[in-house]
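Contents: one structure, followed by commentary.
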Amino acid sequence: MKKDKGHRGASVDNTKPLAAKVEKIELNEKHIPLRLVLFIVVILIGITAFGIFFSSLLNADPGWMVIEEANTNYPSIGQDFILNYYVPKTNPTAAKKKIVSVYSDIVEKALILFDELNEYEGFNNVYYINHHVNEEIEVDPVLYNAFKKINDANSKTIYLGPIYSQYRNIMSSENNNSAKEFDPKYNDEMKTYFSEIISFVNNSDISISLLENNTIKLNINDNYLEYATQNGIDLFIDFWTLKNAFACDYMANTLFENGITGFILSSNDGYNYSVGCDEELGLEIWTKDGKAKNLVGRLSFSGTNAFVTFTSSPLEINTDKYYIYYENDDASKAILDITSRYVSTVDGIAREATKTYYGYSKDAVVGCADIAMGILDVFISDNIDTSKVEALKNSGIYSLYLDASGNVVSNLPDTVTFTKASLIYGE
């Protein structure tokens, strides 16, 4: 079977926003300041996308509203994110204008820097790096710092680019037989191919060097380059599931550096950052059993926080990040299997140790990228390693997950309140 080149197999529709229209609900202003509980529900864009009940797209009246970026030169990463902002009472129109301006710039920049599939004139992004192997390249500090975090964590995740290309083929497949051509669970030839790629990675045949003045170098030795030529590979590094984690951190920090607080930024693949939210907020955590979506419980918190949720099954409309094998390719029939984006660096096969895993950092001591790299090591496994969970806690990353019996296991701090679904429903 002929393997696709590293840059092929992606299926991206940049014409449709993932977030549904948010209707305005009038607020009685005198009720806003006193620990108003905002229940953040998973109804808009996937795993933990936020739908604040009283958002508005129509004006700059004080209160919560969804901020959308202005028209940019490129289809932006903003389609993966939703930004909820509490418009202040003082100069609300000016405040909204400022955040729209800043947000428009940063979503475009985030798209460009971490894009592995497209080239942009004047930008040395991930695509550019992949096509300038063994060259010293000056990159934007945002990208340089992302590579530094990867190296500091000794993570191999970004080096599975050729494998992720095949997972794009899986996710964009129109039927089960097509998906199985690329899925190592069903295709031994693909499994062998993945094993060969991982062998190069484990032998340090590929690496990123961090040089002075924001300069990096993608090092690939002759053996791997020869193999790449034989197999049509031209995509070596790919941030994959970490892309929106780094983007979320960059955008949240930049908004804060521009004096903007009182916002919640969340992606459709589980990355969330709240900054300066004085009111108590509520995050609902869901899981899936087959086609049934079940509420696990609700977390309540306030202030500044970074939090990440991974699930083994797609929730709502983020199904483009999974492939669901339906019986007879019929979505009305039983689910036979699900292939996710959570790919093991051990063998290239997607797996999850639990249905739902939630990682949290109070005061955003560590950001979404650090949380993600930490909990991916626990989540992408056959079983939860509790010693690793404890080690994460010692590094400032708290966890909540479901054990093998479906019970909630949590080491969250007292600053976060977890309420079980049974109590929410009054059972």
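The values are calculated or read from the model by the stated rules, or taken from the named source; none is laboratory data. Note that the coordinates shown come from a computational prediction; the quantities given were computed from them, not determined experimentally. With ideal geometry, Cβ positions are generated from the backbone for all residues, glycine too; neighbour counts draw on all protein chains shown.
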Residue list for segment 133-151, filter: part of a helix (DSSP H, G or I) and over 25 Å from V346 (Cβ atoms): P141, V142, L143, Y144, N145
Output for segment 385-412, where each listed residue is in a loop (DSSP other than H, G, I, E, B) and either touching an Asp or Glu at 6+ places or on another chain (Cβ under 7 Å) or closer than 20 Å to A245 by Cα (or both): S395, G396, I397
Enumeration of residues in segment 337-361 that are part of a strand (DSSP E or B) and closer than 17 Å to E390 by Cβ: Y357, Y358, G359, Y360, S361
Flag for L315 being without any contact (Cβ under 8 Å) to a residue 60 or more places away in the chain, under 23 Å from the mean Cα position of the chain (by Cα) and either under 24 Å from Q79 (Cβ atoms) or not in a strand (DSSP E or B) (or both): no
Residues located in segment 187-199, provided they are touching a Phe, Trp or Tyr at 6+ places or on another chain (Cβ under 9 Å) and free of Cβ contacts under 8 Å to residues at least 40 places away in the same chain: E196
Criterion: within 20 Å of Y227 (Cα to Cα), buried (at least 20 other Cβ atoms within 10 Å of the Cβ), in contact (Cβ under 8 Å) with a residue 40 or more places away in the chain and out of contact with any Lys or Arg (no Cβ under 6 Å at 6 or more places or on another chain) - qualifying residue of P184, P162: P162
Residue list for segment 266-298, restricted to those being assigned to a loop (DSSP other than H, G, I, E, B) and either without any contact (Cβ under 8 Å) to a residue 12 or more places away in the chain or over 18 Å from Y357 (Cα atoms) (or both): K291
Answer from D234, D222 - the residue that is among the charged types (D, E, K, R), under 29 Å from T192 (Cβ atoms) and surrounded by fewer than 17 Cβ atoms within 10 Å (Cβ to Cβ): D222
Check on A369, part of a loop (DSSP other than H, G, I, E, B), touching a helix residue (DSSP H, G or I) at 6+ places or on another chain (Cβ under 9 Å) and buried (at least 21 other Cβ atoms within 10 Å of the Cβ): no
Residue that is farthest from V142 (Cα to Cα) [pool: residues in segment 347-366 that are modelled with pLDDT under 95 and surrounded by fewer than 18 Cβ atoms within 10 Å (Cβ to Cβ)]: D363
Pick from segment 265-284, criterion surrounded by fewer than 24 Cβ atoms within 10 Å (Cβ to Cβ) and among the hydrophobic types (A, V, I, L, M, F, W, C), ranking: nearest to N130 (Cα to Cα): V275
Qualifying residues in segment 90-119 (those that are touching a residue at least 60 places away in the same chain (Cβ under 8 Å) and outside any helix (DSSP H, G or I)) - the one surrounded by the fewest Cβ atoms within 10 Å (Cβ to Cβ): L117
So N154, is it of a type outside the set (K, R), out of contact with any Lys or Arg (no Cβ under 6 Å at 6 or more places or on another chain) and more than 24 Å from S267 (Cβ to Cβ): yes
Some residue of segment 222-233 being more than 24 Å from the chain's Cα centre (by Cα) and either charged (D, E, K, R) or within 19 Å of I150 (Cα to Cα) (or both): yes
Residue in segment 206-219 that is under 18 Å from the mean Cα position of the chain (by Cα), over 30 Å from I338 (Cβ atoms) and surrounded by 19 or more Cβ atoms within 10 Å (Cβ to Cβ) present: no
Condition check for L295: touching a strand residue (DSSP E or B) at 6+ places or on another chain (Cβ under 7 Å), surrounded by fewer than 23 Cβ atoms within 10 Å (Cβ to Cβ) and modelled with pLDDT under 85: no
Qualifying residues in segment 252-261 (those that are assigned to a helix (DSSP H, G or I) and more than 17 Å from G303 (Cβ to Cβ)) - the one nearest to the chain's Cα centre (by Cα): T254
Per-region count, segment 108-131, residues closer than 10 Å to L143 by Cα and of a type in the set (S, T, Y): 0
Residue within segment 125-132 that is aliphatic (A, V, I, L, M), buried (at least 17 other Cβ atoms within 10 Å of the Cβ) and part of a helix (DSSP H, G or I) present: yes
